[in-house]
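See below for the structure under consideration.
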Amino acid sequence: MSVQITHYSGIDGTPAVALALRGQYEMINDGGEQAVGLHHSYNGILASIDGKAVGVIIWFEQKDSHRLWLQLGYVLPEHRRNGIYNMLWDQLVDKARKLGASAIWSGTAIGNDAMRAVARKQGRKEIAVSLKFDVPELARQ
């Protein structure tokens, strides 16, 4: 399996945004994640096999705090457990070094045990939990 990695500065009109949207759709339908914003100025790192997009990381730089924010990571289900996400992660870490970013921040749903396990193996630390309260009369079903 030969994986090709492509970096995009701005994701508008790239295969990275199409795969990211598919990832969002899957995460929402699985019930654990909310949609995350995707802005045309965000950057992408795309993994492809034989010209087919199979994995993506969408990220942006927070220059004022010297960090990168990983907005979304996704690998097609049939290509998981093959090291593709780790390849993308390693590319993001290299990018952080080149930009002088001292940290990479990200988030995931508390019930996304698979992602949380991967993140821990990569050396990431869980530092916060988001809390939500649905106002009974106004909560969306």
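State the number of residues belonging to region 92-127 that are assigned to a helix (DSSP H, G or I), surrounded by fewer than 17 Cβ atoms within 10 Å (Cβ to Cβ) and touching a residue at least 24 places away in the same chain (Cβ under 8 Å).
1
Can you name the number of the only condition in (1) of a type outside the set (Gly, Ala, Ser); (2) in contact with a Pro (Cβ under 8 Å, 6 or more places away or on another chain); (3) free of Cβ contacts under 8 Å to residues at least 24 places away in the same chain that Lys63 fails?
Of the numbered conditions (1) of a type outside the set (Gly, Ala, Ser); (2) in contact with a Pro (Cβ under 8 Å, 6 or more places away or on another chain); (3) free of Cβ contacts under 8 Å to residues at least 24 places away in the same chain, the odd one out for Lys63 is (2).
Anything in region 114-141 that is farther than 17 Å from Ala103 by Cα, at pLDDT below 90 and small (Gly, Ala, Ser)? List them, or say none.
Ala114, Ser130, Ala139
Go through (1) polar (S, T, N, Q); (2) crowded, with 16+ Cβ neighbours inside 10 Å; (3) modelled with pLDDT under 95; (4) within 20 Å of Arg124 (Cβ to Cβ) and name the single condition Thr14 misses.
(4)
Please verify whether Gly55 is closer than 18 Å to Tyr8 by Cβ, modelled with pLDDT under 95, among the small types (Gly, Ala, Ser) and surrounded by 16 or more Cβ atoms within 10 Å (Cβ to Cβ), treating the condition exactly as stated.
no
The values are calculated or read from the model by the stated rules, or taken from the named source; none is laboratory data. Here the structure is a predicted model, which means the values were calculated and not measured. A quick note on method: Cβ atoms are made from the backbone with ideal geometry, for glycine too, and the neighbour counts reach across all protein chains shown.
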